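*Asks:* The structure's right below; bear with me while I get my questions together.
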Amino acid sequence: MSTATKSFPFSPSPSSFSYALSPPIRTLFPSSSLFPSHKLIFATNTSHKQDKLPLHFLGPQDSSILLLKCNALAINDSSTNSFVDSGVMLFSFFREIGFNETDTEALLEAHPVIKISPFESIRSRIHSLQSLGVSGLSLSRLIVKRPDVLTAPEIDGVVCFFLEGDLELAGKIKPSQIEHLFNSTESKFLAGFEAKVRLLLQLGMTQETIVPVLNNANLTKAFCLKSFEDIERMLTFLNRFGGVDLILRRPALLNYDLDAQLIPRVGFLLELSGGDETGTATVLRKLPFVVAYSVDHLKDHVEFLKSFAGLSEEEIFRIVLVYPNMFSASRKRKLHPRIDFLKQCGLTSHDIFRFLIKAPLFLSLSFEGNLAYKLVFLVKIGYKKNTKELAMAMGAVTRTSCKNMQEVIGVFLNYGLTCDDILEMSMKHPQVLQYNHESLEEKMDYLVEEMGREVGELLAFPAFLGYKLDGRIKHRYEEKRKILGEGMSLNKLLSVSAARFSTKSKRKQRVPAINGLNESDEGLE
């Protein structure tokens, strides 16, 4: 056995070829990457100059000795020494953030500029990304996909803006947004990012409101792939229809292309409105998502309502103004069968317009999970198929759930009313079927227990159930009972306006009794 071998407490074997350093020397100094001109590096034992051993034969206990011996290598090139230091530190640092030796070697091969960049610069960049919340697997994934995130100078401007800018965004921007920004954007497109974002402040956005916008917009599409001038034009255009409020409601508006998407789509709505910018702004504010639909999609819905329902563009826009979600309803699966139902019930074009203004939800509710159940309830209490009365009742119950509607019918039946009574009330006042069943029960209790009236009186005045119990019914009943006693008309008690009621009450209190009789209160007795 040679002298060199005897100087180690074990003989070289596959198990002893474990790591003299971590990572191994063969990965720290691969011949194909950091040291292409050095096929093999030997450690020189100064006390036994005749003994030389390849580094990968060293045992783990010799790692500290190895580092000292590396300093004695006869390498005069200072740049090579710099590579050695940088290589050791890079492998060690990348191991800390989750890279194994193979991954690090592959990364350096694919992006050699990392090897010649100052180590402190790489470490500082990674620490900055970690400060923004991009760490662990997200950081590793980002570096593998976009290694230039470690070296591109344009990154610094964005990082500093998020970490140290006067808008105090540190810790407020979602890490997923940061990762997606750097993952999806070539470094050259990050230039000027801060200046473009600040255009939102010029529009009137505050430091507080800009955070949700940055967290919900696609930062690449909204700011990086558009020029400063294009963003200025877009914000000027949106300012006509709500500006800041519109963007806050849907930050994704910033993602769209002004000329190819926003102008044509908003322009179609503006044309449909007859040039009414205020009305168009209202539609956009209610449903900013409407700009996600192509002009062809919007046009198809309008043309269908014109041809099949017989509506004018003015009527269609008034419906859109009330319910922009009309454009979200499938033309074939929802609009066609719903309009067809109304036509079968005998509604004219004008009737359909009035129906949709009052009950636009009818166009988008599920048939199987909602409308079908309500239709069954209505038929069970006596509504006839294919009648205007059935259509009106269907419109009324679009604003309540199937469960609440069933509970309402149950409350009426529990108080002794029949299905014919319920039918009679709902034909006079269809809204009775949509009232909250608990509130309905409280009002009926008060009518019977406190006012001493019969439930049957509701058949003549079902609208009683639509007034607020505490805010109107109780207050007016107590006021008038002092003057008129118990037998007052429910209709005249509740239907008169608040101002008129207050005036009459005060006047009545000032009129003295003559021969024991009060002057007539214009039918309120």
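*Asks:* When the chain is fully extended, how far beyond the present Cα-Cα distance does Glu438 get from Leu163, taking 0.36 nm per residue of separation? All intermediate terms of the calculation are to be shown ahead of the outcome.
*Replies:* Details: separation 275, 0.36 × 275 = 99.00 nm, distance 5.32 nm.
The Glu438-Leu163 span can extend by a further 93.7 nm.
*Asks:* Would you compute the Debye intensity of region 392-496 from its alpha-carbon atoms alone, equal scatterers and no solvent, and pass along log10 I(q)/I(0) at q = 0.12 Å⁻¹ to two decimals?
*Replies:* -0.39
*Asks:* While we're on this one: What's the long-distance tail for region 149-302, i.e. % of Cα pairs beyond 29 Å? List each step's numbers first, then the result.
*Replies:* Values: 2498 of 11781 pairs.
Within region 149-302, distances greater than 29 Å cover 21 percent of Cα pairs.
*Asks:* Moving on to the next point. What per residue convex hull volume, in Å³, comes out for region 337-448 when only alpha-carbon positions are used? Present the calculation step by step, with values, prior to reporting the outcome.
*Replies:* Details: hull volume 10.6 nm³, N = 112.
Dividing the Cα hull volume of region 337-448 by its residue count gives 95 Å³.
*Asks:* Compute the Kirkwood hydrodynamic radius of region 394-456, taking the inverse of the mean of 1/r over all pairs of distinct Cα atoms, and give it in Å to one decimal. Don't jump to the answer; show the numbers that get you there.
*Replies:* Numbers: mean 1/r = 0.0836 Å⁻¹.
It works out to 12.0 Å.
*Asks:* Right, next: What does the C-alpha gyration tensor say about the overall shape of region 222-348? Classify as rounded when a/c is under 1.5, otherwise prolate if a/b is larger than b/c, or oblate.
*Replies:* Judged from the Cα gyration tensor, region 222-348 comes out prolate (a/c at least 1.5, a/b above b/c).
*Asks:* Bin width 10 Å, alpha-carbon pairs only: give the P(r) of region 94-181 as whole percents, running from 0 to the bin holding the largest distance.
*Replies:* Histogram of Cα-Cα distances, whole percents per bin: 16, 53, 26, 5, 0.
*Asks:* With each label point set 7 Å from Cα along the Cα-Cβ vector, what nm distance links Arg123 and Ser184?
*Replies:* Label at Arg123, label at Ser184, 3.4 nm between them.
*Asks:* Please work out the Cα center distance from region 260-287 to region 364-384, rounded to the nearest Å.
*Replies:* Between the Cα centres of region 260-287 and region 364-384 lies a distance of 35 Å.
*Asks:* Okay, next question. Over 10 Å intervals from 0, what percent of Cα-Cα pairs in region 149-235 sits in each interval?
*Replies:* The calculated distribution, bin by bin, is 17, 56, 26, 1.
*Asks:* Keeping all protein chains in place and using 1.4 angstrom, which order do Ile97, Ile247 fall into by accessible surface area, from largest down?
*Replies:* I get Ile97, Ile247, largest accessible area first.
*Asks:* Here's another thing I want to ask about it. Using a simple charge model, +1 on the beta-carbon of Lys and Arg, -1 on the beta-carbon of Asp and Glu, nothing else, what dipole does region 75-212 show about its Cα centre, in debye to the nearest 20?
*Replies:* It comes to approximately 380 debye.
*Asks:* Can I ask one more? Can you give the log10 of the normalised intensity I(q)/I(0) at q = 0.13, 0.21, 0.23 Å⁻¹, computed with Debye over equal Cα scatterers of region 295-363?
*Replies:* With one equal scatterer per Cα and no solvent, log10 I(q)/I(0) is -0.29, -0.82, -1.01.
*Asks:* OK, next. Shape verdict for region 188-244, please, from the Cα gyration tensor: rounded (a/c under 1.5), prolate (a/b greater than b/c) or oblate.
*Replies:* Details: a/c = 1.75, a/b = 1.24, b/c = 1.42.
Taking the square roots of the gyration eigenvalues as a ≥ b ≥ c, region 188-244 is oblate.
*Asks:* If one puts a single equal scatterer on every Cα of region 231-301 and applies the Debye formula without solvent, what log₁₀ I(q)/I(0) results at q = 0.20 Å⁻¹?
*Replies:* At q = 0.20 Å⁻¹ the computed log10 ratios are -0.77.
*Asks:* Once you have a ≥ b ≥ c as the square roots of the Cα gyration tensor eigenvalues for region 267-331, tell me rounded if a/c is under 1.5, and otherwise prolate or oblate according to whether a/b is larger than b/c. Mind showing how you got there, number by number?
*Replies:* On the way: a/c = 1.60, a/b = 1.21, b/c = 1.32.
Oblate is the answer for region 267-331, as a/c is 1.5 or above yet b/c matches or exceeds a/b.
*Asks:* Right, another one. Ignoring ligands, DNA and RNA, how do Val411, Val379 rank by accessible area with a 1.4 Å probe, largest first? Walk me through the intermediate numbers first.
*Replies:* Numbers: Val411 10, Val379 55 Å².
Heavy-atom accessible area, descending, gives Val379, Val411.
*Asks:* P(r) of region 280-408 in 5 Å steps, Cα pairs, percent per bin?
*Replies:* Values per bin, smallest distances first: 2, 10, 21, 24, 19, 12, 8, 4, 1.
*Asks:* Additional query: Using the beta-carbon distance between Gln406 and Arg95 and R0 = 45 Å, what value does 1/(1 + (r/R0)^6) give for FRET efficiency, to the nearest 0.05?
*Replies:* On the way: r = 65 Å, r/R0 = 1.45.
For R0 = 45 Å, the calculated efficiency reads 0.10.
*Asks:* Taking R0 as 30 Å, what FRET efficiency do you get between Gln344 and Glu450 from their Cβ-Cβ distance, rounded to the nearest 0.05?
*Replies:* On the way: r = 45 Å, r/R0 = 1.51.
Working from the Cβ atoms, E equals 0.10.
*Asks:* While we're on this one: For region 185-319, what does the relative contact order come out to in percent, with C-alpha contacts under 8 Å and a separation of six or more?
*Replies:* Numbers: 113 pairs, mean separation 29.3, N = 135.
22 percent.
*Asks:* If you build the convex hull over the alpha carbons only and average its shadow over all orientations, what do you get for region 196-282? Give it in nm² to one decimal. Don't skip to the end; give the middle numbers.
*Replies:* Details: hull surface 20.7 nm².
Its Cα hull, projected and averaged over all orientations, spans 5.2 nm².
The values are calculated or read from the model by the stated rules, or taken from the named source; none is laboratory data. The structure presented is a predicted model; accordingly, all values stated were derived computationally and were not measured. In this analysis, Cβ positions are derived from the backbone assuming ideal geometry, glycine residues included, and neighbour counts consider all displayed protein chains. Protein only, heavy atoms only, side chains kept; ligands, DNA and RNA dropped before computing areas. Shrake-Rupley method; radii C 1.70, N 1.55, O 1.52, S 1.80 Å.
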